[in-house]
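Remarks on the structure that follows.
Where a number appears in this text, it was derived from the coordinates with a stated rule and is not lab data. Only a predicted model underlies this, so the values are computations on that prediction, with no experimental measurement involved. Using ideal geometry, Cβ is built from the backbone for each residue, glycine included, and neighbour counts are taken over all protein chains shown.
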Number of protein chains: 2
Amino acid sequence: MVSVVAVAKRAGVSPATVSRVLGGQVRVSAETRARVLQAIEELGYRPNEVARSLRAGRGRAVALVTGDIEQGINAALAKNVQSELEALGLDLLLFNMEHREERLRHFLERAPSLALRGVLLSAPHVMDMPTLLPVIQAAIRSGVAIVSLGQDFSAEGIPSIVNDNAGGAAAAVAHLIASGRTPVAFVGRIETSVVGRARFDGYRASLLANGEDVDAGLVWEISEGYRADAGYQATRAALKRNVHFGAVFAASDELALGGMAAAADHGLAVPDEVAFMGFGGLSWGAFSRPSLSTVAIDAPAAARAVGEVFKADGPPGAAGLTIIPTKLVLRQSA
Amino acid sequence: MVSVVAVAKRAGVSPATVSRVLGGQVRVSAETRARVLQAIEELGYRPNEVARSLRAGRGRAVALVTGDIEQGINAALAKNVQSELEALGLDLLLFNMEHREERLRHFLERAPSLALRGVLLSAPHVMDMPTLLPVIQAAIRSGVAIVSLGQDFSAEGIPSIVNDNAGGAAAAVAHLIASGRTPVAFVGRIETSVVGRARFDGYRASLLANGEDVDAGLVWEISEGYRADAGYQATRAALKRNVHFGAVFAASDELALGGMAAAADHGLAVPDEVAFMGFGGLSWGAFSRPSLSTVAIDAPAAARAVGEVFKADGPPGAAGLTIIPTKLVLRQSA
DNA sequence: CTGAAAGCGCTAACAC
DNA sequence: GTGTTAGCGCTTTCAG
C-alpha cells in the first residue's frame with residue numbers, strides 16, 4: 001500500500017506536508033502543493049481510512065440498526081439514509097436486529113470500539129431503557145452520536161426523528177369514518193411496538209373525536225412480525241368469529257395486504273364491503289388490486305433529517321425531536 | 001478509552017501479555033491469564049477494532065454493493081448475508097448502487113483504503129469489465145476479497161455465487177406451457193441486466209424445447225427499474241396493442257405484480273385468461289390476490305455460500321462458481 | 001512464559 | 001511554509 005511517506009519521498013517533501021495538502025486547512029505554497037498532487041496522482045495514492053480513524057479517534061461509518069430490513073419501509077429508509085450519508089462522505093453499516101433487544105445491546109457495546117460516527121436506532125420495539133441507557137451513554141461519551149429513528153427518545157437526551165404516526169393514523173381513520181366505512185378495525189403490534197402503539201393511539205383518538213367508540217373486539221394485536229401473514233391471520237380470525245367491520249386500518253402496508261387477502265378469501269369485496277388502509281406508502285401499493293390506500297411515510301425527509309445531524313460535525317446539537325409529516329394517499333382500497 | 005496499557009498496568013503485566021491473552025494463540029500461564037481477564041472485566045475493556053485493523057492491515061467489514069435495496073430480493077439477501085457474516089464476527093457495509101456503474105467503480109477504488117475484508121458485488125447489470133477489472137484486481141492485491149453475487153464472473157477469476165436463473169425460468173415456462181397458458185410472454189430487463197438476460201435465456205430455451213416459438217412481440221424489455229410500475233406499463237402497452245398471450249413470465253415478483261394489475265385493469269381474469277409467474281419468491285407473494293406463483297430464490301443458501309468464502313480466512317480459494325438452485329412455487333396466478 | 005521495542009499510516013504540535 | 005517528532009492502540013518480533 002502506498003503511503004504518505006512514499007508520496008512525500010517522491011514529491012521531495014515531508015509526510016506532514018503531504019498531509020497538509022490532503023487536509024486543505026493549513027496553507028501550503030502553490031508550487032509544493034502542485035508537486036505533492038502530482039506525486040499522489042502518479043502513485044495512485046489513497047489515504048488509509050483506518051489510519052485516519054485511529055489517529056482521529058473516530059471513523060466515518062454510521063450504523064443503521066433496523067428491526068427487519070425485509071420490511072419495505074426499512075429498506076426504503078436504508079436506501080435514503082445511505083445516499084444522504086454518502087454525500088457527507090460517510091459509510092453505512094447495516095445491522096439487522098431481527099426484533100431481539102439483546103442484539104441491540106451487544107451492538108451498542110461494540111460501537112465505541114468500532115469508532116462509529118453514529119448509530120441510528122431504528123427499531124420499533126418497546127425498549128428496556130434502564131438497561132440500555134448506560135450502554136448508550138457510554139457510547140455517547142466515547143464520541144458515538146446516537147440518533148433515534150422512529151421513536152421519541154428526546155426525553156432521554158437522544159435526538160429523535162419520528163414519523164407523525166398518530167397524526168397519520170388519525171387522518172386515515174377520519175377518512176374511513178367520513179366514507180362511512182364503520183366500524184373501523186385496527187391491526188398491528190401494540191404491546192411490544194412503540195410505533196405500533198402510536199399508530200393505535202391515533203386510531204383511537206380519531207375514533208373518539210368522531211363520535212365512534214373503541215371496541216376491543218376490533219383491535220387485533222399481532223405478536224410476531226409485521227409482515228403480510230400476520231395481517232392475514234388476524235383478519236381471517238376476526239372474519240371467522242363473524243366480527244363485523246366496515247374497514248381495517250393496518251399499521252403497515254404488508255399487514256394491509258394480508259388483510260385484503262383474507263377479506264378476498266372470505267368473499268368480501270374491497271372496498272365495497274370492507275375498506276383497507278395501510279401505513280408506509282410502499283411503491284408496490286399502487287399495484288395490488290385493489291390498490292392500497294395508505295399513510296405514506298416520507299423516508300427521504302427522514303433521511304435528510306439524519307443528514308442534518310451529521311452535517312454539523314461537532315457534538316450533536318440539542319437532543320431535539322424532529323417530526324416528519326405523513327401523507328394520506330387514497331387509492332382503491334379505501 | 002481504556003486501552004491495553006491500562007489493562008496491563010492494572011494486571012501488573014506488559015501490554016504484550018494482555019494482547020496474548022486476547023489473541024488466545026500463544027501460551028500464557030493460567031495465573032497471569034486470570035489476572036488479565038479480571039483486569040479486563042474490571043475496566044470494561046474492549047479492544048479497539050480500528051487499531052487492530054490498522055495493525056493487521058485489514059478490517060472486519062464486508063461491503064454489500066447492491067443494485068437497489070428496495071427490491072425485495074435484495075433486502076432478503078442483505079438480511080441473510082448480514083446474519084451470516086455476523087456469525088463470523090464480520091460487519092456489513094451497505095452500498096446502494098442505484099443502478100449506476102460509475103458508483104461501483106468509485107466504491108471499489110475506496111475498498112482498499114477502507115481495509116475491507118471483502119466486497120460482494122450484487123448488481124444485475126452488464127458491467128464494463130475492461131474498465132472494472134483493473135480496479136478489482138487492485139483491490140484483490142491489497143487483500144480485499146471480491147465475490148460476485150448474482151452473476152458469473154468466475155471466468156474473470158472472481159468467485160461467483162449465482163442463482164439458477166435459466167433453470168428456474170425454464171421450469172416456470174415449462175409449467176406455463178404444460179398448463180396450456182400459451183403463448184407465454186416475457187417481461188424483464190434484457191439489454192442491460194445479466195440476470196434478466198439469464199432468465200430470458202431460460203424462457204427462450206424452454207419455449208424452444210417445448211415446441212413453441214419465440215415471438216419478439218411477446219418479449220417486453222423494460223428500461224428503468226425492476227419494480228412494479230415497469231411491469232404494469234409493459235403489460236398495459238401490450239394489452240393496448242391487442243397482443244394476445246396466455247401467460248406472462250416476469251423476471252421479478254414486483255414486475256409480475258405490476259403485470260397482474262394491468263391485466264386486472266384491462267378486465268382480464270388471472271389466471272383464467274392470463275396467468276402470471278414471478279421470480280424471487282418474496283414473502284408477500286402469497287398474499288396478493290390472486291396469489292403469485294413464482295420461482296423462489298434461496299437467499300439463505302446464497303448467504304451461506306458467502307459465509308463459506310469468508311470462513312476460510314486466508315486468500316480466497318479457487319474462483320469457483322456456486323449455483324444456488326431455485327424452486328418453483330405454484331400458487332393461484334399460474 | 002513474559003517484557004521491551006518497533007511500527008501499521010496518519011496528523012497535530014512544535015520547532016525553525 | 002515546511003520539517004521533525006510523537007503517538008493514536010494494537011500485535012508481533014526479538015530477547016531473555
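Proximity of backbone amide H atoms, modeled 1.01 Å from N, is registered between B:Val248 and B:Ala185, B:Ala275, B:Phe276, B:Met277 at under 5 Å, excluding neighbours fewer than 5 places apart on the same chain.
Across the range A:246-251, computed HN-Hα scalar couplings (Karplus, 6.51 cos²θ - 1.76 cosθ + 1.60, θ = phi - 60°) run x, 7, 10, 9, 9, 7 Hz from first to last residue, x flagging Gly and Pro.
Once backbone amide H atoms are built at 1.01 Å from N, A:Ser293 has A:Gly278, A:Arg331, A:Gln332, A:Ser333, A:Ala334 as its partners under 5 Å, excluding neighbours fewer than 5 places away on the same chain. Simple rule: put +1 on each Lys or Arg Cβ and -1 on each Asp or Glu Cβ in the protein assembly as shown, find the dipole, and look at B:Gly267, B:Pro124, A:Leu321; the Cα lying farthest toward the positive end is A:Leu321.
Across identical copies of the chain, A:Leu321 has label-point separations of 5.8 nm, listed in ascending order, with the point defined 7 angstrom from Cα along Cα→Cβ.
Overall, the protein assembly as shown carries a charge dipole of about 2500 debye about its Cα centre when +1 sits on the Cβ of Lys and Arg and -1 on the Cβ of Asp and Glu, all other atoms neutral. Using a 7 Å projection from Cα along Cα-to-Cβ, the label point at A:Val2 is separated from the same position in the remaining copies by 4.3 nm, smallest value first.
A cut-off of 5 Å between modelled amide H atoms, ignoring neighbours fewer than 5 places along the same chain, links A:Thr322 with A:Ser160, A:Ile161, A:Val162.
Given R0 = 45 Å, the distance between the Cβ atoms of B:Ile323 and A:Ser29 translates into a calculated FRET efficiency of 0.15.
The spacing between the range B:133-197 and the range A:99-127, judged by their C-alpha centroids, is 35 Å. Computed over chain A with a Gaussian network model linking Cα atoms closer than 10 Å, the most mobile of A:Gly217, A:Gly281, A:Gly246 is A:Gly217. Computed from phi, the 3J(HN,Hα) profile of the range B:293-306 under the Karplus parametrisation 6.51, -1.76, 1.60 (θ = phi - 60°) reads 6, 7, 9, 7, 8, 9, 4, x, 5, 4, 5, 4, 4, 4 Hz, with x in place of Gly and Pro.
Which one of B:Leu88, B:Leu77, B:Leu22 has the biggest mean-square fluctuation once chain B is modelled by GNM with Cα springs under 10 Å? Of B:Leu88, B:Leu77, B:Leu22, the most mobile in the Gaussian network model is B:Leu22. What residues of the range A:205-227 lie in the reach of a label at A:Leu268, counting those whose backbone N is under 17 Å from a point 7 Å from the Cα along Cα→Cβ? In the range A:205-227, the label zone of A:Leu268 (backbone N under 17 Å from the point 7 Å along Cα→Cβ) covers A:215-222.
Charge tally around B:Val243: other residues with Cβ under 13 Å, Lys/Arg +1 each, Asp/Glu -1 each, net +2. Label point of B:Leu22 (7 Å along Cα→beta-carbon): distances to the other copies' equivalent points are 2.4 nm, sorted ascending. Placing R0 at 25 angstrom, the Cβ-Cβ distance between B:Glu101 and A:Ser83 gives a FRET efficiency of 0.90 after rounding to 0.05. Once the Cα atoms of helix A:129-141 and of chain A are each reduced to a long axis, what angle between those two axes, in degrees from 0 to 90 to the nearest 10, is obtained? With both axes taken from Cα atoms, the answer is about 20 degrees.
Model label sites at B:Leu133 and A:Val243, defined 7 Å from Cα along the beta-carbon direction, differ in position by 6.2 nm.
Taking A:Met260, A:Met129, A:Met97 as the candidate residues, the one with maximal mean-square fluctuation in a Gaussian network model of chain A, Cα springs under 10 Å, is A:Met129. In the range B:182-239, Cα pairs under 8 Å separated by at least six residues give a relative contact order of 42 percent.
Scalar couplings 3J(HN,Hα) for the range A:34-43, obtained by applying the Karplus form with A = 6.51, B = -1.76, C = 1.60 to θ = phi - 60°, are 4, 5, 4, 4, 5, 4, 4, 4, 4, 8 Hz; x denotes Gly and Pro.
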